[in-house]
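Here the structure is laid out as structure tokens; the discussion comes afterwards.
The values are calculated or read from the model by the stated rules, or taken from the named source; none is laboratory data. Fair warning: this is a prediction, and the values are worked out from it, not measured in the lab. We place every Cβ from the backbone using ideal geometry, glycine too, and count neighbours over all the protein chains shown. Remember, those area values only see protein heavy atoms, side chains included, never the ligands or the DNA or RNA. Shrake-Rupley method; radii C 1.70, N 1.55, O 1.52, S 1.80 Å.
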Amino acid sequence: MTITSTFKGHGGWRRCCCFVFGMLLAISSSSSAKKTSTNRRLQEQESNNNTNWTWNNLKFITFGGSRSYGVGLTNPADSSFSALLNNANNKAIRNSTPEYSAMCLYSMVGEYHLYDVIVVEFLREHATGAMMDLGLRLRYRFPHAILIFLDYWYPDEFYYKPEGDKSFGQFYEERRMPSYDVFQPEVLDGTDEEDWGYQAYNRAVLQEAADHSNAFVLEFPEPNNKKIDSLKQYGTLYLNDMRHFNEVGHAFVRDKIVELLASLNYDSSRSRVGEFESKDHCELWYETGSMSNFQSNMEMIQFKPNNQGNTKYALEVKPGENESSGTRNAIDIFNPWGEDEAYLYVSYMATADQNYYPNALAEIMNSHGITTASYILNTTIPNGGDTEIVTNYKIGPVDPGNSVVHLRILEDTTTTEHYGVYIVGLMLTSHQYHERIAADF
């Protein structure tokens, strides 16, 4: 078996034909896995469970966005499908797309951890080309692990034609009884099949990523001409927003994953680790207030986003820097990847309020004193409401060796609530994607 793909490693974008990796995958395949290698979309079906098999000793790790994180649950740490899988190491990030995980996999996984089962789940409209890179990076590191992509549609993908293609989530909210949160299928009474449309997202991206990384895909059956029946059957798994799983839905996902593993009779003795395809240095001091990969002369401050909740941490970019006196706001970085460029993204606080944070200029200067990249950190997020969020933007390429990131306030801070800009993390990686990386920490 030969796995061929294009990705960014230490030597730039290149074609990698990994026949040794393919042989390892072939060795780990059981008859059930071979059967699904040509059609890995495992729809709802009864599996032939081995009653002597147990999954309690398997080590799980999950990657994903808001659903995997457990948004909407009272206690995600106990009732998300990740928590129900032997307290899996849940690396899901709210409102995120696959890019952050694909860029920062080494930092997220760590050097010394071994996992038997890897679950990846992002909302279907967020399944970008980064799914391919994420799948391949995971497969290189864990060549024998069971890799599972979840591709479950959600009811809010349906729309009601007689009312201007109103989403099912809005349709449901307007008609349900607010006194209790159990799904109320009777809201669909009086509607006909032809009243409903279905926004089917392009699933080819996820399927191609699964095929190249020898992953399984778990999904609901496509609704086709049974939209009302599908909504009634699977609406019970969702919160009132009709996008995120409720506790029943998370338990359902856990059960389907366990059924798949049982059908493969998978055991942890097959697990091993390989090399990382590439390494990265991604660090978020937003939660901890500590830095290990980078150094800075800026003060680490404590603050509470939106003036509520838990204390967070940030390096504060202060106004009034003076280059001649050496008081510039600076972060020291190091690109260890030989002759290859790296790419730097910065994580900082932003809000929709234009008068909350000032904007700042970030510049990367190499060891020869040459500015290699610059970017204006816009701290205003359109349509963001009053909520403070972490936003992540690319500054640009970083030359090999030592460089310094200089940051400078660009405007009069007497007109803003905060007189500084809050930097909460950096991503130094050999992979790059969009200018902005979605990840709401």
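Numbers at a glance
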item: Phi-based couplings in Hz for the range 187-202 (Karplus 6.51, -1.76, 1.60; Gly and Pro marked x); result: 4, 7, 4, x, 9, 10, 4, 6, 6, 10, x, 9, 8, 7, 6, 5
item: Environment charge at F171 (Cβ cut-off 12 Å; Lys +1, Arg +1, Asp -1, Glu -1); result: -2
item: Sorted peptide list for 56-62, 391-397, criterion being average Cβ within 10 angstrom, highest first; result: 391-397, 56-62
item: Whole-number D in µm² s⁻¹ for the range 183-338, Kirkwood Cα-pair radius fed into Stokes-Einstein, 4 °C, 1.567 mPa s; result: 58 µm²/s
item: Kirkwood Rh and Cα Rg combined as Rg over Rh, evaluated for the range 263-391; result: 1.08
item: Potential extension, Y180-S374 segment - 0.36 nm per residue separation minus Cα distance; result: 64.6 nm
item: Potential lengthening between E435 and S292 on full extension [0.36 nm per residue; Cα-Cα distance subtracted]; result: 49.0 nm
item: Alpha-carbon centroids, the range 95-156 and the range 185-262: separation in whole Å; result: 19 Å
item: Greater than 31 Å apart at Cα, pairs in K226/K256; K161/K256; K91/K226; K59/K226; K91/K256; K91/K394; result: K161/K256; K91/K226; K59/K226
item: Computed over the range 75-155, Cα set: Rg, Dmax in Å; result: 12.7, 40
item: Radius 10 Å from Cβ of L85, net charge of other residues (Lys, Arg +1; Asp, Glu -1); result: +2
item: With all protein chains modelled, accessible area of R272 [1.4 Å, Å²]; result: 90 Å²
item: Extension gain from V248 to S268, taking 0.36 nm per residue of separation minus the Cα-Cα distance; result: 4.4 nm
item: Mean Cα-pair separation over length for the range 236-313, i.e. relative contact order, pairs under 8 Å, 6 or more apart, %; result: 17 percent
item: R137 - accessible surface, heavy atoms, 1.4 Å probe, Å² rounded to 10; result: 10 Å²
item: Per residue Cα convex hull volume in Å³ - calculated over the range 181-267; result: 123 Å³
item: Environment charge of A373, counting only residues whose C-beta is closer than 11 Å and scoring Lys/Arg +1, Asp/Glu -1; result: -2
item: Accessible solvent surface per residue of the range 250-303, calculated while the other protein chains remain in place, 1.4 angstrom probe, Å²; result: 45 Å²
